[in-house]
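Below: the structure, in structure tokens.
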Amino acid sequence: MATSTSVPVSLPVPRIPRTRRSPQEILAASPLVTERKVLLAAPRGYCAGVDRAVVAVEKALEHYGPPVYVRKQIVHNVHVVSELESRGAIFVEENDEVPEGALVVFSAHGVSPAVVQSAAERGLQTIDATCPLVTKVHREAVRFAKNDYEILLIGHEGHEEVEGTYGEAPEVTTIVNNPEEADTVQVKDPDKLIWLSQTTLSVEETMEIVRRLRKRFPNLQDPPSDDICYATTNRQAAIKNIAPQADLVIVVGSANSSNSVRLVEVALDHGAKAAYRVDFANEVDETWFEGVSTVGVTSGASVPEVLVREVVSLLAEYGFNDVAEVTTAEEDIIFSLPKEIRSKLKESGDEERALGGRGHRPESR
């Protein structure tokens with residue numbers, strides 16, 4: 001008797017049509033606004049680690065063929081995930097959802113040793129697309145744990161990156177979610193203590209947590225180098241520059257993207273009169289434009305540039321035709337693709353993309 005096997009099916013995220021108020025109606029509601037402009041933050045969008053992870057999945061699909069399984073979202077962006085699903089990627093929550101012996105990619109956020117072990121036990125082929133800057137924090141956790149330090153990990157409990165870092169040394173690591181927890185966290189030896197952090201946090205909130213921790217534990221040590229990644233820092237610096245001039249800030253990014261959510265908070269904290277996060281241009285509410293002269297636009301580190309361009313095009317329909325890019329930093333960092341992919345590319349003679357990073361990826365991707 002024949003048996004059928006169910007295959008997971010994922011559909012693209014629908015762009016739901018919405019009835020908009022016309023540009024004429026919005027302009028009529030803003031008679032005193034004579035100048036309308038857009039300040040476009042730079043840097044914005046894809047960082048090197050995100051680009052590397054997305055290219056890793058694309059290349060795996062090209063050279064191994066679908067399906068390629070990916071544990072968790074490869075990066076926190078619904079558009080990117082939907083596009084990869086349409087090409088044959090299957091996103092799962094845990095390794096036990098992957099058929100034994102199949103290929104699985106670990107996301108850019110990193111995984112704990114327990115996840116690596118469970119993949120080995122199932123005989124899975126693995127590609128580790130962890131961002132090298134996250135890997136750096138993992139190595140710090142391992143090194144300090146071996147040297148008998150207690151680790152205070154600043155980050156959001158439940159976030160994949162925090163779960164992975166915590167998993168490197170769970171017996172000596174305590175997660176500190178916010179400044180209030182810094183005031184109450186208990187440690188065993190305040191003289192052998194170090195803090196590490198999630199790479200996508202608000203720089204200012206992290207420093208406030210560290211300030212409070214150090215007030216209680218004066219011998220608290222800093223990590224050897226900044227754990228908050230360059231892309232997070234640069235995108236926050238760019239929006240800090242724009243926010244005081246903006247009546248409205250629009251951040252393009254997904255709700256589960258920590259760095260995108262932080263950009264909204266940073267914009268409001270630094271003078272923007274209003275700030276909102278959207279995944280797509282069709283989520284922008286045109287009533288936000290009433291009485292608005294200057295709109296700041298930026299995007300999280302896992303957002304393709306095409307989504308930003310769609311928002312800028314929508315703004316143009318409502319009279320915001322003057323677009324100025326405000327550059328606060330230049331990014332030219334690139335990372336090698338995961339070693340498993342590099343080996344496959346070399347074997348097949350594919351030398352087209354062995355790197356991931358800003359400036360190496362078409363805007364339309």
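The values are calculated or read from the model by the stated rules, or taken from the named source; none is laboratory data. Predicted model, so just to flag it, every value in this text is computed and none were measured. Note: ideal-geometry Cβ built from the backbone for every residue, glycine included; neighbour counts use all protein chains shown. We work out accessible area using only protein heavy atoms, side chains counted, and drop any ligands, DNA or RNA first. Shrake-Rupley method; radii C 1.70, N 1.55, O 1.52, S 1.80 Å.
Looking at ALA28, ALA42, can you tell me which residue is out of contact with any Gly (no Cβ under 6 Å at 6 or more places or on another chain), surrounded by fewer than 20 Cβ atoms within 10 Å (Cβ to Cβ) and without any contact (Cβ under 8 Å) to a residue 12 or more places away in the chain? So that I can check it myself, show each step before the final result.
Numbers: ALA42 fails: without any contact (Cβ under 8 Å) to a residue 12 or more places away in the chain.
Sole residue among the options that is out of contact with any Gly (no Cβ under 6 Å at 6 or more places or on another chain), surrounded by fewer than 20 Cβ atoms within 10 Å (Cβ to Cβ) and without any contact (Cβ under 8 Å) to a residue 12 or more places away in the chain: ALA28.
Applying the selection to the stretch 193-242, what residues are of a type in the set (Lys, Arg), surrounded by fewer than 16 Cβ atoms within 10 Å (Cβ to Cβ) and touching a residue at least 12 places away in the same chain (Cβ under 8 Å)?
Kept after step one, since they are of a type in the set (Lys, Arg), are these residues of the stretch 193-242: 211-212, 214-216, 235, 240.
Now drop any that are not surrounded by fewer than 16 Cβ atoms within 10 Å (Cβ to Cβ), which leaves 211, 215-216.
Within the stretch 193-242, ARG216 is the sole residue that qualifies.
Just checking, does the stretch 222-237 include any residue being acidic (Asp, Glu), in contact with a strand residue (DSSP E or B) (Cβ under 6 Å, 6 or more places away or on another chain), under 27 Å from GLY49 (Cα atoms) and part of a loop (DSSP other than H, G, I, E, B)?
Let us first name the residues in the stretch 222-237 that are acidic (Asp, Glu), namely 222, 226-227.
Adding the requirement that they be in contact with a strand residue (DSSP E or B) (Cβ under 6 Å, 6 or more places away or on another chain) leaves 227.
Okay, now just the ones that are also under 27 Å from GLY49 (Cα atoms), so 227.
Adding the requirement that they be part of a loop (DSSP other than H, G, I, E, B) leaves 227.
Scanning the stretch 222-237 turns up at least one residue that is acidic (Asp, Glu), in contact with a strand residue (DSSP E or B) (Cβ under 6 Å, 6 or more places away or on another chain), under 27 Å from GLY49 (Cα atoms) and part of a loop (DSSP other than H, G, I, E, B).
Do you know which of the residues in the stretch 91-137 that are buried (at least 22 other Cβ atoms within 10 Å of the Cβ) and touching an Asp or Glu at 6+ places or on another chain (Cβ under 7 Å) is farthest from SER197 (Cα to Cα)?
The residue in question is ILE127.
For the stretch 270-289, give me each residue that is part of a loop (DSSP other than H, G, I, E, B) and either of a type in the set (A, V, I, L, M, F, W, C) or crowded, with 19+ Cβ neighbours inside 10 Å (or both). Don't jump to the end; show me each part of the working.
From the stretch 270-289, those part of a loop (DSSP other than H, G, I, E, B) are 270-274, 279-280, 284-285; that's our starting set.
ALA272, ALA274, ASP279, PHE280, VAL284, listed by residue number.
Suppose we filter GLU157, GLU161, GLU140 for residues that are open to solvent by less than 20 Å² (accessible area, probe 1.4 Å), among the acidic types (Asp, Glu), closer than 24 Å to ASN77 by Cβ and at pLDDT 95 or above; which single one remains? Please lay out each step first, then the result.
On the way: GLU157 fails: open to solvent by less than 20 Å² (accessible area, probe 1.4 Å); GLU140 fails: closer than 24 Å to ASN77 by Cβ.
Only one candidate qualifies: GLU161.
Just a yes or no: is a residue in the stretch 290-307 open to solvent by 40 Å² or more (accessible area, probe 1.4 Å) and over 24 Å from the mean Cα position of the chain (by Cα)? If you could, list the steps in order and put the result at the bottom.
If we filter the stretch 290-307 for residues that are open to solvent by 40 Å² or more (accessible area, probe 1.4 Å), which is where we start, we get 290-291, 306.
Filter again for over 24 Å from the mean Cα position of the chain (by Cα), leaving 290-291.
Yes, that holds for at least one residue.
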